[in-house]
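First comes the structure, then the notes that go with it.
Coordinate-derived values only; no laboratory data. What you see is a predicted model; the values in this text were computed from it and never measured. Here Cβ is always computed from backbone atoms with ideal geometry, including for glycine, and neighbour counts include all displayed protein chains.
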Amino acid sequence: RELRKNFSAINARAVFKKNIASMWSLREVLPHISNVVSIGEPLTPIVTTTYASPSGKKTTVFLKNEGLMPTGSFKDRGSSVLVSYMKSIGIREAATDSSGNAGVSMAVYSYVADIKLTVYSPVSISPEKKKIIEIFRASLALTSSREEASVRAKESGVYYANHSWHPIFFEGTKTFMYEAVIQVGDIDAVFVPLGSGTLFLGIMEAIKELREHDVLKYIPKIYVVRPMGYELPGDRNREPTEQTVAEGIAIKTLYRLDKIMELINSYGASIVYVNNNDVKIGLKELLKLGIFAEPTGVAAYAGFRKAVETGEDLSYSKVLIPITGSGFKTLDKISRILAT
């Protein structure tokens with residue numbers, strides 16, 4: 001069931017008039033929830049760097065490190081708000097489906113909130129993420145595919161708390177963009193990894209609110225980043241020649257595909273497809289900056305590099321790139337990538 005949103009209750013300007021130390025400092029733009037479940041979601045840091053294109057043109061790049069969220073990914077933004085909402089309406093048992101980070105995040109927040117959670121996940125989930133889910137007392141049901149995980153979670157008979165479907169989750173992920181604008185001001189371009197659309201939909205919601213309240217002077221150019229072989233409607237389908245290392249965004253079936261495509265088309269967003277070598281190069285460059293990201297977390301940066309090196313002119317621009325997840329939950333996988 002869709003939830004109605006009270007736009008008149010949002011006060012985007014108010015959050016720019018006070019010190020912001022954490023996500024929940026942005027209460028003026030979040031749903032009014034009586035039982036907040038928080039484990040200290042910080043204002044995530046930004047590493048600023050300069051990127052020179054092959055022609056020598058320079059771009060200022062803001063890398064916002066979401067891997068420093070409590071469970072190591074931006075999903076904590078949505079989980080904190082969704083689990084708070086569930087706690088407030090008396091939910092005691094829920095199910096979700098995830099390839100990893102959302103399952104970890106929801107497991108931790110549900111455990112803190114005393115909500116019994118079952119996570120349905122494909123067998124490809126990393127051993128580290130699997131272990132974390134189990135440590136935080138969530139039931140883990142492994143499936144043959146993401147599609148099967150989704151079906152089983154929806155048909156479980158308990159509250160369906162899926163991160164890519166539940167509208168309250170996007171209210172949490174939109175805080176990424178609010179924080180970024182507070183930290184660096186107007187932004188010329190944003191590169192967003194697109195799996196199920198959780199971060200993309202949150203960012204687009206924030207841009208809408210910030211424009212409506214005259215906080216942003218202009219709408220940034222949006223670049224959507226997907227793995228090769230996972231083309232969106234309207235793009236030529238290519239059979240993947242390799243199994244993508246960015247498994248967190250390797251999603252064929254998108255719950256909110258219609259909404260995602262509507263936003264891509266109405267905002268004139270560009271789509272960039274990355275392969276494993278793009279991710280590997282990006283991973284190495286981020287390591288040199290001291291940022292340890294999982295392969296999926298590197299995707300947006302890899303998309304930025306690819307766009308610039310294939311002719312996109314982002315010189316003299318301020319570009320925002322989310323680093324969506326920490327590398328500490330995929331240690332073996334990163335080691336294998338770097339060894340090739």
Can you tell me the relative contact order of region 75-165? Whole percent, Cα pairs under 8 Å, sequence separation 6 or more.
34 percent
In terms of Cα to Cα distance under 18 Å, which lysines are near enough to LYS17, apart from those fewer than 8 places away along the same chain?
LYS217
In nm, to one decimal, how far is the SER124 label point from the TYR316 one, both placed 7 Å along Cα→Cβ?
4.3 nm
Can you tell me which of 217-225, 244-252 comes out highest on packing, and rank the rest after it, using the mean Cβ neighbours within 10 Å?
244-252, 217-225
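Take the alpha carbon gyration tensor of region 17-133, find the square roots of its eigenvalues, order them as a ≥ b ≥ c, and report rounded if a/c is under 1.5; if not, report prolate when a/b exceeds b/c, else oblate.
oblate
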Going 7 Å from the Cα of SER55 toward and past its Cβ, which residues in region 295-324 have a backbone nitrogen under 19 Å from where you end up?
304-319
Separation between Cα centres of region 121-186 and region 233-298, rounded to whole Å
17 Å
Residue-span extension gain [SER34 to ASP332] - 0.36 nm each, minus C-alpha spacing
103.2 nm
Need one word for region 203-297: rounded, prolate or oblate. Basis is the Cα gyration tensor (sqrt eigenvalues a ≥ b ≥ c); a/c below 1.5 gives rounded, then a/b vs b/c decides.
oblate
Using the basic label-point model (7 angstrom from Cα toward the beta carbon), what is the LYS18 to SER88 distance in nanometres?
1.6 nm
Once the Cβ-Cβ distance between LYS154 and GLU242 is put in as r, and R0 is 30 Å, what FRET efficiency do you end up with, to the nearest 0.05?
0.45
Which chymotrypsin sites (Phe, Trp or Tyr not before Pro) does region 236-340 hold that lie in a coil by DSSP with at most 12 other beta carbons within 10 Å?
TYR316
What does the helix-only formula give at 222 nm for the chain: each DSSP H stretch with n ≥ 4 adding -39500 (n - 2.57), the total divided by the residues, and the result rounded to the nearest 500 deg cm²/dmol?
-11000 deg cm²/dmol
Among the lysines, which have Cα under 27 Å from the Cα of LYS129 when same-chain residues fewer than 8 positions away are ignored?
LYS64, LYS75, LYS87, LYS116, LYS154, LYS174, LYS252, LYS280, LYS284, LYS288, LYS329, LYS333
Using a Gaussian network for the chain with springs between C-alpha atoms less than 10 Å apart, which of these wobbles most: GLY56, GLY303, GLY172?
GLY56
So what is the relative contact order for the chain, in percent, with contacts set as C-alpha pairs under 8 Å and at least six apart?
19 percent
List the trypsin sites (Lys or Arg not before Pro) in region 111-204 that DSSP assigns to loop (not H, G, I, E or B) and whose Cβ has at most 14 other Cβ atoms within 10 Å. Which are they?
ARG137
To the nearest 20 Debye, how big is the dipole of the chain about its Cα centre, given +1 on the beta carbon of each Lys and Arg and -1 on that of each Asp and Glu?
400 debye
